[in-house]
Amino acid sequence: MGKTTVESTKYPGVYKDSRGNYFYQAYLGKDPITGKKITKKSRRSRNGKPFKSALSANIELSKIKVQYLEQSGKANYRLTLKTFMDEIFIPKYKADVLQSTFESHKKAFERIVDSLGDKKLSEITVLDCEKYRTWLLNNYSTSYANLNYVAFRQVLDFAVRMDFINQNVAKKTKAIPKGRALQSFWTKEEFESVISQCCIDIFEQHMNFMLLWLYFMTGMRVGEGQALRWSDVDFTKRIVRIYHNIDYKNKSNYKINDYTKTSSGMRTISIDRTTVKYLKRWKKAQHELIKSEFILSYDGEPIPRSTIQRIISRYSKLANVHPIQGKGLRHSHASYLINELNADVLTVSRRLGHSSPDITLKYYAHMWNRNDSVLADRMEGSINFKPNNENRIEFNGNQHIKKQLN
């Protein structure tokens, strides 16, 4: 028999062997008397059932770690919120989401630890939650306070699922409304004004033009565009395959993921002949100076998100058009499809990579309002009738009206 190989999973201490079986093996510390290392390894849960997934093995391992801490002789040890987050929740959350998603929520988790970290997990009260909620509202915008409080509830929900506490007391407090403002975007006319500022005879500006054009005409997420490679484009079929995302820290530290933000984000987008022409022209210009597999690159490496924002700000200022965020180009694409091309919700949803049309309507329903005027125009004169010249009803209604008629 061949030697069994083992591969790591995204959960620290959890592994998968060549037969597809999951197990955990972790170092817990040293025996205070003998000084020997204490490790735990198992292929089954405490119920004696084999682990069906890396997640189930990780949950069991997390419980083992906490149990060890409680029984290891450390005086007065009781699980605090900080310990739960550092040892259990954050490693699990980091393994479950994209690096960019984790980074965007990292501050919210740090804020929870700073405010309530010393509290025993089992002793957090509704009053503690209410005070934290009030503090968030007094110090941040409603939408940002909402993000932080949702994260707090998420932490306690996970603690309930892992049987560390019986209920999520934060849910006894009132949720903070999102207060989401409408995302800023460019109209077709504003976009035309912005790209008119680019001088494509200059290499860097040629790349800037291609960046603005491609995001506006495809509706890609920022990370999807950063990860887009020439091999993802089929000029003959006029399609772009969006199968990748990026975890980007700097020019020498980034990772191209073989997945997008959501499973429904894995999609193929049709592009028009003009976009194909511009892409071919940019590919020729790019490859004359550098060798790069990435479309949006002027030095061979993926373009940083911060550079994308600088490009948007620079050309919008030249065009005297209000600046938008990088994701604003995605919203601009949605506006272009709806307001200029009268696209239906299903087409827009598929093109943007939403999991369902409901998600599309949640963010863009207001953009379809103008189509109501088309219906109003069609209504005009469509109802045909001729009023009756004779009174055929004896009036027995409101006496005040009857007196006025007499």
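No value in this document is a laboratory result; all are computed from the given coordinates. Please read all numbers here as calculations on a predicted model, not as lab measurements. All Cβ positions, even for glycine, are placed from backbone atoms using ideal geometry, and neighbour counts span all protein chains on display.
Amide H of I38 versus every other amide H placed in the peptide plane: which residues, excluding those fewer than 5 positions away on the same chain, fall under 5 Å?
Long-range HN contacts for I38: L28, G29, K30, D31.
Could you tell me whether the range 240-397 comes out rounded, prolate or oblate from its Cα gyration tensor? Rule is a ≥ b ≥ c as square roots of the eigenvalues, rounded for a/c under 1.5, then prolate if a/b exceeds b/c, otherwise oblate.
Verdict is prolate for the range 240-397.
Estimate the FRET efficiency between I202 and K277 by the formula 1/(1 + (r/R0)^6), using the beta-carbon distance for r and 25 Å for R0, to the nearest 0.05.
Step by step, r from the Cβ atoms, then E = 0.85.
Most exposed first by the Cβ proxy, i.e. fewest other Cβ within 10 Å, how do V14, V150 rank?
Ranking V14, V150 by Cβ neighbours within 10 Å, fewest first, gives V150, V14.
In debye, nearest 20: dipole of the range 79-181 around its Cα centre with unit charges on the Cβ of K, R (+) and D, E (-)? Provide the component values of the computation, followed by the final result.
On the way: 17 positive and 12 negative charges, 86 e Å.
Value, rounded to 20: 420 debye.
K82: which aspartates and glutamates have alpha carbons under 14 Å from its alpha carbon, excluding same-chain residues fewer than 8 sequence positions away?
Within reach: E110, D114, D118, E123.
Among the listed pairs K249/K327; K171/K261; K119/K172; K94/K249, which have their C-alpha atoms separated by more than 23 angstrom in this model? Spell out each step's value before the answer.
On the way: K249/K327 18 Å; K171/K261 28 Å; K119/K172 18 Å; K94/K249 16 Å.
With Cα atoms farther than 23 Å apart: K171/K261.
Per the helix-only calculation at 222 nm, which mean residue ellipticity applies to the chain, given -39500 (n - 2.57) for every DSSP H run of n ≥ 4 and division by its residues, nearest 500 deg cm²/dmol?
-13500 deg cm²/dmol
Pull out a ≥ b ≥ c, the square roots of the eigenvalues of the alpha-carbon gyration tensor of the range 208-247, then state rounded if a/c is under 1.5, prolate if not and a/b is larger than b/c, and oblate in the remaining case.
Details: a/c = 1.84, a/b = 1.14, b/c = 1.62.
Oblate, because a/c is 1.5 or more while a/b does not exceed b/c.
Going by amide H atoms built from the backbone, whose H comes under 5 Å of the H on R229, apart from near neighbours?
Counting only residues 5 or more places away or on other chains, the set is I295.
Expressed in nm to one decimal, what extension gain is obtained for the pair R350 and R310 from 0.36 nm per residue of sequence separation less their Cα-Cα distance?
So the chain would gain 11.5 nm between R350 and R310.
Go ahead and run the numbers for FRET between D17 and Y68, Cβ-Cβ distance against an R0 of 35 Å, rounding to 0.05.
The value I calculate is 0.90.
My understanding is that a pair violates if its Cα-Cα distance is over 30 Å; which of K16/K65; K16/K251; K107/K174 do that in this structure?
In this structure, K16/K251 exceed 30 Å between Cα atoms.
Could you give each residue of the range 350-362 its phi-based ³J(HN,Hα) in whole Hz, using Karplus coefficients 6.51, -1.76, 1.60 with θ = phi - 60°, and x for Gly or Pro?
Listing the rounded values in order: 5, 5, 7, x, 7, 6, 7, x, 4, 5, 4, 5, 4 Hz.
Among S45, S382, S141, whose mean-square fluctuation peaks in a Gaussian network model of the chain (Cα, cutoff 10 Å)?
Result for the chain, Cα springs under 10 Å: S382 fluctuates most.
Could you give me the ³J(HN,Hα) list for the range 80-97, computed from phi with Karplus coefficients 6.51, -1.76, 1.60 and θ = phi - 60°, whole Hz, x at Gly and Pro?
8, 4, 4, 4, 4, 6, 5, 8, 10, 5, 5, x, 5, 5, 5, 6, 8, 10
On a 0 to 90° scale, report how tilted helix 126-139 is relative to the longest principal axis of the chain, with both axes built from alpha carbons and the result rounded to the nearest 10.
50
Read phi for every residue in the range 252-259 and hand back ³J(HN,Hα) as whole Hz from Karplus 6.51 cos²θ - 1.76 cosθ + 1.60, θ = phi - 60°, with x for Gly and Pro.
So the J values, rounded to whole Hz, are 9, 9, 8, 9, 8, 8, 8, 7.
Does the range 236-332 come out rounded, prolate or oblate, given a ≥ b ≥ c as the square roots of the eigenvalues of its C-alpha gyration tensor, rounded meaning a/c under 1.5 and, failing that, prolate meaning a/b above b/c?
Details: a/c = 1.17, a/b = 1.11, b/c = 1.05.
Taking the square roots of the gyration eigenvalues as a ≥ b ≥ c, the range 236-332 is rounded.
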